[in-house]
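S.K.: Below is the structure I would like to discuss, written out as structure tokens.
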Amino acid sequence: MSNHLLLYLGGTCILLCLWMGCQSVSSSSQQSPVVLNQRIGRTNLIQRFKENPVMNLVYEANGSKSEEIRQHLEDLADRARWFNLKVVADTALQDSVWQSESIYLIGDHQSHEQLLQWKEELPFQTSALGFTYENQVYQSEDHTLLMTFLPHPTHDQQVLSIMTGNSSEAIWE
């Protein structure tokens, strides 16, 4: 049950960001302000999501905890009342979705299909040893990173949120 708590809180984070206008990025060991691309601000992205409350929860299909994460996300989607959550495997996400709906990528940055595809455009750097955010290197297997309401790298009018880490187990825990 405690395993599900963090993913539930991650989903709940979406609600909090919508209603409270969250202005920070979270990691397992620090919180700091987000430096956003100048194309569109966080407030505008939140407003766009309020206007079209559809979010694709894109989980890593081939991760060691993918079945547990998928099931939890489906349960979360079934309970959502104020917006439409769609659960999609990273290997099944269609390109057209990027243009019209919000995306929440959930999975290990070393194996999640979309995180690998957009690796150069993301606001953090990755390597085989871990990830780097704001000049801080996170190499421990239990480090995670949560970033919400970012502009998508190529469809800057769309919302991109990310929950990643150095292992699927850390994301699940």
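Every read-out reported here was derived from the displayed coordinates using simple, explicitly stated rules and does not represent laboratory data. Every value quoted in this text rests on a predicted model; they were computed, and no experiment measured them.
S.K.: Can you tell me the length gained on complete extension of the stretch Ser127 to His155, counting 0.36 nm per residue apart and subtracting the Cα distance? Intermediate values should be presented prior to the final figure.
M.R.: Details: separation 28, 0.36 × 28 = 10.08 nm, distance 2.49 nm.
Difference between extended and current length: 7.6 nm.
S.K.: Here's a follow-up. What percentages make up the Cα-Cα pair-distance distribution of region 69-171 when the bins are 5 Å wide from 0?
M.R.: Binned Cα distances yield the sequence 2, 12, 22, 25, 20, 12, 6, 1.
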